[in-house]
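Trainee: One structure is given below, represented as structure tokens, and several questions about it will come after.
The values are calculated or read from the model by the stated rules, or taken from the named source; none is laboratory data. Predicted, not measured: the structure shown is a model, and the values here were computed from it. FYI the Cβ positions are ideal-geometry reconstructions off the backbone, even for glycines, and counts take in every protein chain you see. Only protein heavy atoms, including side chains, enter the accessible area calculation; ligands, DNA and RNA are left aside. Shrake-Rupley method; radii C 1.70, N 1.55, O 1.52, S 1.80 Å.
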Amino acid sequence: MAQLDENAIKTALSKVIDPDRKADIVSLGMVTGLIVKNGHVSFALQVEPERGPKLDPLRKEAEKAVSALPGVITVTAVLTAERAPNHDHDHGHDHGHDHGHGHGHGHGHGKGDGKPVQKNLVPQIKAVVAVASGKGGVGKSTTTVNLAVAMAKMGLKVGLFDADVFGPSQPRMLGITTKPQTGADGKLLPITSHGIVCMSMGFLVAEGEAIVWRGPMVMGAIQQLLSEVAWGDLDVLLVDLPPGTGDTQLTLTQSVPLSGAVIVSTPQDIALLDARKGIDMFRKTNIPILGVIENMSTYICPKCGHEDHIFGHGGAKIEAEKLGVEFLGEVPLDIRIRLAGDDGTPIVAAEPDSPHSAAFRAIAKRVWDKVNR
């Protein structure tokens, strides 16, 4: 049996012909970002922006060619395009269109700002909530997974989309070591853990393996994981965004009608400064801010019960009041929360009766109430 490697993939793709340029997509240099890992294959097809909307059949043909190879479990191909020149003044707000990704190219009306937005890539999901932070290291992913488990314990059908392409962490936090399979309809099947369904780029690449993708490729991957995963009829999908205010965030806001965004911050000034940037970005794209969570708040000594505010305390609440958004609550600083995530069982599942879990449950209930009012 031939070994499944990059050469085998490229040989298969060399049989796929670009209908306009009358040559194969490999010799034309269209295949980029190829990753082959444990039977899972992902790559991008670089196309001109003006041809993008009509080339989805080519993308599907490329996926089919690779799927036919022995040993292939899943194939994810995306269409990407370089931004047109002289558009730097737009600060990336048009990135979410992906300039030629085959899904969602039927644009709807803008949300009050005149900018086109894509159609809903996940119409079967009742509510989509983004969980964001202005900077890394504030416990956003830990917060997201515990909110998801808490919502599932409320009886909701919950999904978690790990949209951090460069640093996916949800597979570890949910204790998932298997890879997603493909359903009869060709869609990827999300993996269920602790009562929620999850999809992550981390399922498709090895943990710790660097993904060297340019912005348009990231955007195409995000859109495809949204549209080509069999999410099912969910009450809510929580999206764990990467830190900052870049292409992934803008792609999400232009790919699905977000019910709102939750901002995670720690109490100190520098984290709050970055949180303000995140709030400002969502406001500029007309996404409701559901509220702010202060993570790593009060530290309670497990031996004597003494409270200490290592990173300060109450800063996020004060900042929320200044910005006119709701303060959703605070989560204490406790190593058990981190260790539970590292062990693959979020604290809400591992210690459901703990005060930490109570904090997450209260915040989850408030977020759900705000989404449904």
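Trainee: Does the stretch 155-179 hold any residues that are open to solvent by 50 Å² or more (accessible area, probe 1.4 Å) and over 11 Å from Ile196 (Cβ atoms), and which are they?
Mentor: Once the filter is applied, which keeps residues that are open to solvent by 50 Å² or more (accessible area, probe 1.4 Å) and over 11 Å from Ile196 (Cβ atoms), the stretch 155-179 yields Gly155, Phe166, Arg172, Thr177, Thr178, Lys179.
Trainee: Right, something else. I'm trying to understand the selection: among the residues of the stretch 252-289, which are assigned to a loop (DSSP other than H, G, I, E, B), over 26 Å from Leu121 (Cα atoms) and at pLDDT 75 or above?
Mentor: Listed by number, the list holds a single entry, Thr266.
Trainee: In addition: Tell me whether the stretch 20-38 contains one or more residues that are crowded, with 16+ Cβ neighbours inside 10 Å, in contact (Cβ under 8 Å) with a residue 40 or more places away in the chain and in a helix (DSSP H, G or I).
Mentor: no
Trainee: Among residues belonging to the stretch 341-367 that are of a type in the set (Asp, Glu) and either in a helix (DSSP H, G or I) or under 20 Å from Thr192 (Cβ atoms) (or both), point out the one that is least open to solvent (accessible area, probe 1.4 Å). Give the derivation first.
Mentor: Pass one, the stretch 341-367, residues of a type in the set (Asp, Glu): 342-343, 351, 353.
With the extra rule that they be either in a helix (DSSP H, G or I) or under 20 Å from Thr192 (Cβ atoms) (or both), the set shrinks to 342-343.
Numbers: Asp342: 66, Asp343: 127 Å².
The residue in question is Asp342.
Trainee: Suppose we filter Leu45, Leu58, Leu4 for residues that are buried (at least 18 other Cβ atoms within 10 Å of the Cβ), touching a Pro at 6+ places or on another chain (Cβ under 8 Å) and not in a loop (DSSP other than H, G, I, E, B); which single one remains?
Mentor: It is Leu58.
Trainee: Out of the stretch 227-251, which residues are open to solvent by 10 Å² or more (accessible area, probe 1.4 Å), at pLDDT 75 or above and closer than 19 Å to Val292 by Cβ?
Mentor: The answer is Pro242, and nothing else.
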